[in-house]
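Here's the structure we're looking at; comments come further down.
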Amino acid sequence: MPAGEPSRLLFQPERVPARSGWTAVQLARHADRPTTLDYARYMLEEFVELHGDRLGGDCPAIVGGLGRLDGRPIVLIGHQKGHTTKERVERNFGMPTPAGYRKAARLMRLAAKLGCPILTLVDTPGAYPGLEAEENGQAWAIAENLRLMSTLPVPVVAVVTGEGGSGGALALGVANRVLALSNAVYSVISPEGCASILWKSPSAAPRAAEALRLDARELLRHRIVDGVIPEPGEGAHTDPALTARLLAAAVAEAFGDLSIHEPRKLIADRRQRFRQFGTGSR
């Protein structure tokens, strides 16, 4: 379906609703927030999901495929949590294994071959931390995606739609434009993990959430994201269809802006965006 909404992106932190960090975390984790497959259904025409990493695995925590956004062919890749407990268990709560990151990499290479822009939707507590994942090259798979995304010759837009947790999120986040929904969070570690390390107790998670400055308002203030997409009502879970239209409009606008650039400029600008973090020059 067409985006159907003008872009309402927020670029000034003071225009983003102020929430405590812990409130933002709870909203970002709401079980009824739209998932990647929900957004695919609302936003894309002729979406075809593709499976497998071509090495023997098909991680259910990452989904992706080809579709059309306002008539423009794109490749969509994103984390998939599910809604019910049964779905979340089947999807490993959105925590990808190495096969998931290899699947994402395969789709990114396909996009580069076809000349299609890439949209990634980030919603994960982090990469799967199990022993089997480590034995199968979890760190290598994430690192390979970071390297690959930094060299893709097509426009890449990433949207943090829920949780953006650590390297598991960043593996889909090296983009020319990084956006966030207004109740999304993005951080190097979960509040519970931070609380366990710094305060020796997971019960200090609300305090850690404030210290991490992981909510959309702070992410925009520190220019970790380039724009914030406002959510309707009390959050995306209250009106998934409208949220999808707002997201689609923002993404279509970003692709339109980026489509005029040559591949070398897309790559150079993407690399420069991340190199400037912490330098005060963004």
Local electrostatic count at Val174 - Lys and Arg +1, Asp and Glu -1, tallied over other residues with Cβ under 13 Å: +4
Whole-Hz couplings from phi, Karplus 6.51/-1.76/1.60, listed for the stretch 111-126; x for Gly and Pro: 4, 4, 5, 8, x, 9, x, 10, 10, 10, 10, 9, 7, 8, x, x
GluC sites (Glu not before Pro) restricted to DSSP loop in the stretch 175-252 with at most 12 other C-beta within 10 Å: Glu234
Hits among lysines - C-alpha to C-alpha of Lys81 under 18 Å, sequence gap 8 or more where chains match: Lys103
Local electrostatic count, Leu44, Cβ distance below 14 Å [Lys/Arg +1, Asp/Glu -1]: -1
Structure-based [θ]222 nm, the chain - -39500 (n - 2.57) summed over DSSP H runs of at least 4, per residue, nearest 500: -12000 deg cm²/dmol
Calculated from backbone phi, Karplus (6.51, -1.76, 1.60) coupling profile of the stretch 159-170 in Hz, x at Gly/Pro: 10, 7, 9, x, 8, x, x, 6, x, x, 8, 4
Cα extents of the stretch 113-245 along the three principal axes, largest first (Å): 49, 44, 26
Label-point separation in nm, Leu146 to Ser203, each point 7 Å along Cα→Cβ: 3.6 nm
Charge sum, other residues only, whose C-beta stays under 15 Å from Arg29's C-beta, Lys/Arg counted +1 and Asp/Glu -1: -3
Under 20 Å from Lys265, Cα to Cα: aspartates and glutamates that are on another chain or at least 8 residues apart: Asp226, Glu253, Asp257
Net length gained if the chain between Glu234 and Arg213 were fully extended (0.36 nm per residue, minus Cα distance): 5.5 nm
Centre separation in Å (Cα based) which lies between the stretch 161-191 and the stretch 247-277: 17 Å
Answer label, with semi-axes √(5λ) of the Cα gyration tensor in Å calculated from the coordinates and candidates (1) 34, 19, 18; (2) 25, 22, 19; (3) 28, 24, 17: (2)
Prolate/oblate/rounded call for the stretch 200-282, Cα gyration tensor, a/c under 1.5 rounded: oblate
FRET efficiency for Asp257 and Asp58, using Cβ-Cβ distance with R0 set to 25 Å, rounded to 0.05: 0.15
Principal semi-axes in Å for the stretch 1-142 [√(5λ), Cα gyration tensor, largest first]: 25, 22, 14
Rg/Rg_ref, the stretch 66-160, where Rg_ref = 2.2 N^0.38 Å and atoms are Cα: 1.13
Exposed-loop-free span, longest in the chain, where chymotrypsin sites (Phe, Trp or Tyr not before Pro) count as exposed if DSSP calls them loop and at most 13 other C-beta atoms lie within 10 Å: 12-276
Percent accessible area from carbon and sulfur atoms, the stretch 1-134, protein chains only, probe 1.4 Å: 55 percent
Solvent-accessible area of His83 with every protein chain in place, 1.4 Å probe, in Å² to the nearest 10: 60 Å²
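The values are calculated or read from the model by the stated rules, or taken from the named source; none is laboratory data. The shown structure was predicted, so the numbers you read here are calculated from the model rather than taken from an experiment. As a convention, Cβ positions derive from the backbone with ideal geometry for all residues, glycine included, and neighbour counts pool all protein chains shown. We work out accessible area using only protein heavy atoms, side chains counted, and drop any ligands, DNA or RNA first. Shrake-Rupley method; radii C 1.70, N 1.55, O 1.52, S 1.80 Å.
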